[in-house]
Amino acid sequence: MLEELSAKVRSGEINPVDLINESLRRIEAATSLNAVVAVYADEARALAHSHPLTGALAGLPFLVKDMARVKGHITTAGSALYADGPADDVDDSVVSRLREAGAIIIGRSNSPEFGATAYTTNKVFGATRNPWNTEKSPGGSSGGSAAALAAGLTPIATTSDGGGSVRGPASATGLVGYKPSMGAIGRNVLPRWIDFSTQGTSGHTVADVAYEAAITHGPAVGDFLGLPAKSIALNPVMPHRVLACRTFRTDVDPDIEANYESMIDALVASGVTVERVASPSDNDTIWNWFIMSTAQLTQSLRHEEHRWGELSDYVQAQLQFGSSVTIDQYIAAQRKRHEISIRFDDLLGNDAVLLTPTSNARSWPAEGPLPARAGNTDDPMVTLNTPDANFTGHPATSVPMGLDDNGVPCGIHLTGPRFADNLTLGLASHIERIKPWPLTAPGYAPFGL
């Protein structure tokens, strides 16, 4: 869709002003979703009127998750601490790359406060609702962007991922969500979760995700984790081996597991050999991820400690825990990170992709909280299988695999060898061919004129 739409703009068949007006119309019609929390209508129209009709994303409107910097606008991060500014003086690297490719910012998508949970609500803008079932969450922290894409409000919306914030919302809204190998997308502005957070790509199809990722990938000045330009292949290639384990956690809801088994059956029926393996991860991984992530969040907000009482309950809980983390615990978590990374590297080699459900739990309420149970196990860490790839830096992609008992999409999670991102995209492309999914939620249409 992205390549075709932008080609029509470059050829003069479509006027970018019409694309902006269509996106604004759709955003207005879907206000009940609360996916879009700021609209830059006048600025977007002005840019469309003067657009040179060039670039790989020529004239396409896009939303920016309200955690990425946009020069001249306020990034609230869903927090009252920053709701009144100041305005940013720089674009995040992904934002600048999309703009340089000809895309036009049309507004902001909602995020939980500081991206600190997997449902999208905050005290500034309230809860974002899933277009598949408005009682349920589109996940987090990129829930606003995912809901907007699933409702066809814009063709592009930025997403980022420190523990699953690209892949979880993609799973919950029927999208493709791709978190690259750590360092593939350079960070000119350090995130609060320094070790784990990267921008990612969400879209309706694998082709759209790969097309957009080719534009956003590349190093950034100052990013000590950044990889050289063009070091990550994005052309989808099928892996030589496909591995499967039912969860990285303790259990799975039965409707999620039924979809997972159905997907494995479909893969086998298509000629793919799927090997069952023991999990390379466990709850110890997510616990150590939590130690590091909360400590980094806490340090980043230490200068606002006198206002912590104003923050959302989920942020306050993480800051309280993060304040208790000792240097010994933090370094021990780093050592555990090395151990778990070895396990994944040994299992995946350079040619395998590992399948799990993206989420172990069926969809949860728009206002939260996260499930503390899946299957037959009570476990506050059970919800997602996504933080492990942030902990180790491996690439991972979520694609739709069916609907849960609430009529909400659920995803299958593909973890690939470090720097072999194209293997996850290759298997994702194969799944798209054998089990195609709807491009938008029921009642909505893919973006276009």
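Throughout, read-outs are computed from the coordinates displayed, never taken from laboratory work. Owing to the predicted nature of the structure, the values given are computational and were not obtained by experimental measurement. In this analysis, Cβ positions are derived from the backbone assuming ideal geometry, glycine residues included, and neighbour counts consider all displayed protein chains.
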**Asked** So which trypsin sites (Lys or Arg not before Pro) in the stretch 212-269 are both in a DSSP loop and have at most 13 other Cβ atoms within 10 Å of their Cβ?
**Response** K230
**Prompt:** Put a dot 7 Å past each Cα toward the Cβ at S50 and V277; how far apart are the dots in nm?
**Reply:** 5.3
**Listed peptides 390-400, 433-443, 201-211 by packing density, highest first (mean Cβ within 10 Å)** = 390-400, 201-211, 433-443
**Complete:** Convex hull around the C-alpha positions of the chain: the volume in Å³ per residue is 127
**Message:** Using helices alone, I'd like the mean residue ellipticity at 222 nm for the chain: each DSSP H run of four-plus residues gives -39500 (n - 2.57), total over residue count, nearest 500.
**Reply:** -10500 deg cm²/dmol
**Prompt:** Under 5 Å between amide H atoms, partner at least 5 residues away or on a different chain: which partners does I185 have, H built in plane at 1.01 Å?
**Reply:** G218
**Complete:** A correct Karplus calculation of ³J(HN,Hα) over the stretch 352-367, with 6.51 cos²θ - 1.76 cosθ + 1.60, θ = phi - 60°, whole Hz and x for Gly and Pro, returns 10, 10, 9, 9, 9, x, 5, 10, 7, 10, 5, 4, 10, x, 4, 8
**Fill in**
Per residue, the convex hull enclosing the alpha carbons of the stretch 2-216 has a volume in Å³ of 103
